[in-house]
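Below is one structure, written out as structure tokens, with a few remarks after it.
Just so you know, all these numbers are worked out from the coordinates, no wet-lab data involved. The model shown is predicted, which means the values in this text are computed figures rather than measured ones. All Cβ positions, even for glycine, are placed from backbone atoms using ideal geometry, and neighbour counts span all protein chains on display.
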Amino acid sequence: MKLTNYVNGKWQDAGNRKYAAVLNPATGEELAQVQMSSAEDVDEAAKAAKAAQKSWAKVPAPKRASYLYEIGRIMKERKEHLAQVLTKEMGKVIEEGRGEVQEGIDMAFYMAGEGRRLFGETTPSELADKFAMSIRAPIGVVGLITPWNFPVAIATWKSFPAIVAGNTFLWKPATETPMMAYEMSKIFAEAGLPDGVANIVFGAGSEVGTAMLEHPDIRVISFTGSTETGRKIAELGGRNLKKVSLEMGGKNAVIVMEDADLDLAVEGILWSAFGTAGQRCTACSRVIVHEQVKEELQKRLLAKMESLTIGDGLDESIKVGPVINKEALEKIHSYIEIGKQEGAVLLAGGEILTGGHFDKGNYYAPTLFTDVSASMRIAQEEIFGPVVSIIEVDSFEAAVEVNNGVIYGLSSSIYTQDINRAFIAQRDLDTGIVYINAGTSGAEIHLPFGGTKGTGNGHRDSGVAALDVFTEWKSVYVDFSGKLQRAQIDNEI
Ligand code: UN1
């Protein structure tokens, strides 16, 4: 199967194009071939998006929203199929695949509701017989660059607010996971979304991403991915005066205080750290534990880790799927040596799994380090795999300091029964998302998603906050006095 770009409501013919193989990370099997586009392909899509945008912006927002209701309805109807495709190309276990598709469905209905809101403000004018209001205006053509770890949910966080707000878009999905984008192109077409509103261009970041950043007609770039790539996007986007929204890495921690419900904490850690094989931006990669409960927590965590089943995520009994590719496997593994050399103690895992079906896929053993100090590289750098480091502290204050002592600021969590501490924690943990008595992952779509410091650049995905990325504020003054009225001059207050 050849996946070609979706431009102006049509799929390009397979023709004489460049392709890359899409592999199932669980089995190594080739699933499809994906088009590797050029700057010309980007230009063609940007032109189509531009041509469609003016009339799209004139469609009343509730009508634009009606397409989202239809998209959501089809996604719901097709949920199992989409989840299967997602698990095959990305590797996450099927239960999580279903959850991710649900996240997209939720986003469709939520953003569709915005079609009847998109609130601006009315405010008194400082002059008599004058009316003042601010409205959200669409920006134009927007560019979306999405990662492989959430091939559909993150794309919906970006494309659905873009659609309801009256923009048209060009979406570059990750090369590893184009099949979900292809599925979405079929859904866009079936929902009757006018041609040119949604355009999908497959290909490499260096080629397609760069061309998007340099294209004069693309006004916004919304990106989720690595900090390294995000920095390059910010630089190039800055030079080209694009509005750039970045969602990048994390080094998220679960804090376990001495009064915590330890079994609950263990469950939260297990889910946040090893769910999606640790490949979530929100994954827990540090456990900051009070010295009084460290040994006990460690013991219970190790015991529970033994029950983690590893394998092909299509098998319902599997809890931890493969990692995305061989490079990821190597990168994760390189941190094991780094951790050992720095003096951390390896309690479990630390190996690429081999033998039998493991040989065909990319499987890494769930890994636990202990006696890690806050400044070690394994406690500072994003590993993006099933690797957790236990850091011992002697107080709540020290726990907060360790949590905040990294360059990232996406998600944090604290387990405690003390209500005062919980509230101090939500105030003092310097991440964009804070959980009390729950792990670090599990964001819901109607709240803003994003992080502080090196995780982002001040924007947010999902929630109403997403509309800020895809709209421009327009202030409108209506003077019905029939005479010249000069603000700041003709109105002595
Ligand atoms: C991501 O890892 O980039 O909160 C997104 C969560 C999911 C989204 C994660 N709802 O883990």
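If you take all other residues with their beta carbon under 13 Å from the beta carbon of V289, and give Lys and Arg +1 and Asp and Glu -1, the sum is -4. Exposure proxy ranking for E77, E247, based on other Cβ atoms within 10 angstrom of each Cβ and starting from the fewest, stands as E77, E247.
Helix 419-428 and the long axis of the chain differ in direction by around 60°, with both axes built from C-alpha atoms.
Using the 10 angstrom Cβ neighbour count as an exposure proxy, how do T168, T354 rank, fewest first?
On the way: T168 29, T354 8.
The order, fewest Cβ neighbours first, is T354, T168.
Footprinting exposure proxy ranking of K79, K294, fewest other C-beta atoms within 10 angstrom first, gives K79, K294. Spacing of the modelled spin labels on E306 and K79, each 7 Å from Cα toward Cβ, amounts to 3.6 nm. Straight-line cross-link reach from K294 at under 27 Å between alpha-carbon atoms covers these lysines, not counting any fewer than eight positions away in the same chain: K251, K304, K319, K340.
State to the nearest 20 debye the size of the charge dipole of region 284-393 about its Cα centre, where the only charges are +1 on K and R beta carbons and -1 on D and E beta carbons.
Values: 11 positive and 17 negative charges, 16 e Å.
It comes to approximately 80 debye.
The charge dipole of region 165-229, taken about its Cα centre with unit charges on the Cβ atoms of Lys, Arg (+1), Asp and Glu (-1) only, comes to about 120 debye.
Take every DSSP beta bridge whose two residues both sit in the chain; close to 40 percent of them are antiparallel. DSSP beta bridges confined to region 252-436 are antiparallel in about 15 percent of cases. Comparing Cα centroids, region 76-93 and region 436-493 end up 34 angstrom apart. Once the dipole of region 252-436 is set up with Lys and Arg at +1 and Asp and Glu at -1 on Cβ about the Cα centre, which of V372, V406, I391 lies farthest towards its positive end? Working it through, the farthest residue towards the positive pole turns out to be V406. Its Cα gyration tensor gives region 252-436 an equivalent ellipsoid. The semi-axes, each the square root of 5 times an eigenvalue, are 27, 17, 15 Å from largest down. Bridges between two residues of region 332-435, per DSSP, are antiparallel at a rate of about 40%. With Cα atoms defining each centre, region 187-263 and region 1-42 are spaced 20 Å apart in the structure.
Pairs to check: K47/K88; K63/K158; K10/K50; K18/K242; K243/K483; K18/K186. Give those whose C-alpha atoms are more than 27 Å from each other in this structure.
Correct reply: K47/K88; K18/K242; K243/K483.
If R0 is taken as 41 Å, the Cβ-Cβ distance between I424 and A14 corresponds to a FRET efficiency of 0.10.
Counting pairwise Cα distances across the chain, what percent come out greater than 43 angstrom? Don't skip to the answer; put the middle values down first.
Values: 23772 of 121278 pairs.
In whole percent, the share of Cα-Cα pairs in the chain beyond 43 Å is 20.
Here each label is just a point 7 Å from Cα along the line to Cβ, and for E401 and K340 those points are 3.2 nm apart.
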